[in-house]
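What follows draws every value from the coordinates through simple rules; no lab data is involved. Keep in mind it's a predicted model, so treat the numbers as computed, not measured. Note that each Cβ is placed from the backbone with ideal geometry, even for glycine, and that neighbours are counted across all protein chains shown.
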Amino acid sequence: MMDAEKREALVYDASMRQLERMRAMQYAYHNKFFFWITLNFLLLVWLYAGTGGRGLLVIPFLVVTAGVQAAFYLHFCDFARLHAAALENKINGLLGKRVLMGAELETMYFYPLPEPKVAGFIPSAPANFFSGYTLHWCLLWAALFLASLWQGYASMASAPMVLWALASVGWAVLNFAYVAWYFLRSGATDDVAERLEEKLHGPLE
């Protein structure tokens, strides 16, 4: 039969390994997020200016997909933060004091995880830098979306172009509505938080 001290040491080691994994995941998806943003910006500029007008047909759909993919990467980062916060609570409990404070500082510096938001925009804190950063890219993408829609329709006005314009707008509305619904709905991450609290013992900070 394993004694309590050895069991506690094993729990500590396993928790630290999981915490390292979650921080690595958080770092990896932050990298993916910024790489994706940069790649799409360069691709959109090329489609707009370097394809002789043919790229205009693709831009409205690519802009929307770029935004949804960026939100997906941010969602992964939030999951890693949520899991890391629970693990830090667990490890601090084993140590008997608050040694690990990464999750607490992230809440102060970035945004509280339970806070309703649309991707990185927090309606209750529009002046938050994450909100401003999200708006920055959304406004840039919206400008490219509208410019390509206007130029594409004006230069090739016909019945098929009307359908293309309607499909572009419909694609944007459907995707934005889903992302807004998912992130703003009550309890988007509550199930995960409750399971972590149940399994790791102790409320999340």
- Task: Can you work out which of the residues in the range 160-176 that are surrounded by 11 or more Cβ atoms within 10 Å (Cβ to Cβ) and among the aliphatic types (A, V, I, L, M) is farthest from A147 (Cα to Cα)?
- Result: L174
- Message: Checking T134 against (1) surrounded by fewer than 18 Cβ atoms within 10 Å (Cβ to Cβ); (2) in a helix (DSSP H, G or I), only one condition comes out false. Which one?
- Response: (1)
- Message: Among the residues that make up the range 64-84, is at least one of them within 25 Å of V173 (Cβ to Cβ) and touching a Cys at 6+ places or on another chain (Cβ under 9 Å)?
- Response: yes
- Message: Would you confirm, using the coordinates I've provided, whether Y153 is surrounded by 14 or more Cβ atoms within 10 Å (Cβ to Cβ), free of Cβ contacts under 8 Å to residues at least 60 places away in the same chain and farther than 30 Å from E197 by Cα?
- Response: yes
